[in-house]
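Working notes, structure below.
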Amino acid sequence: MTRKGVELDLAPRLKTLLATLLIAQGRVVPVDRIIDALWDQGAPRAAVATLHSYVTNLRRAIEPDRPPRAVHGIVDRQGPGYVLRARPDSVDAERFVSLAERGARVLDD
């Protein structure tokens, strides 16, 4: 992941957290599913608290100017989990789908 053209150096579990949220494409990912992705059946007792600290660290990495406890941002707590609110043009996979669809329309014309 890059921010302002600079590659972010994220710890492996933060990369897993980010990937889990990205795959959901703007849908809420339940805490239990994130914990399973992070620890694959070997979650520590304090997994929920640790997840909250991972989310805080991810927010600091990708939203360094976000005020603490801000209501809205890129990574938000919502209902039973977390959601990543990325612009579609900022996610390679979504940008690929959009460009492929546009290319198909041009070919049809």
Helix-only mean residue ellipticity at 222 nm for the chain, each DSSP H run of n ≥ 4 adding -39500 (n - 2.57), per residue, nearest 500:
-16000 deg cm²/dmol
Separation of the R13 and A43 label points, Cα + 7 Å toward Cβ, nm
1.3
N57 versus I23, label points 7 Å from Cα toward the beta carbon: distance in nm?
2.0
Report the local net charge at V83: Lys and Arg +1, Asp and Glu -1, summed over other residues whose C-beta lies under 11 Å from its C-beta.
+2
Averaged per residue, what accessible surface does the chain expose to a 1.4 Å probe, in Å²?
70
R102 versus V71: modelled label distance in nm, points set 7 Å from Cα along the beta carbon direction
3.4
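The values are calculated or read from the model by the stated rules, or taken from the named source; none is laboratory data. The model shown is predicted, which means the values in this text are computed figures rather than measured ones. Backbone-built Cβ (ideal geometry, glycine too); neighbour counts: all protein chains shown. Only protein heavy atoms, including side chains, enter the accessible area calculation; ligands, DNA and RNA are left aside. Shrake-Rupley method; radii C 1.70, N 1.55, O 1.52, S 1.80 Å.
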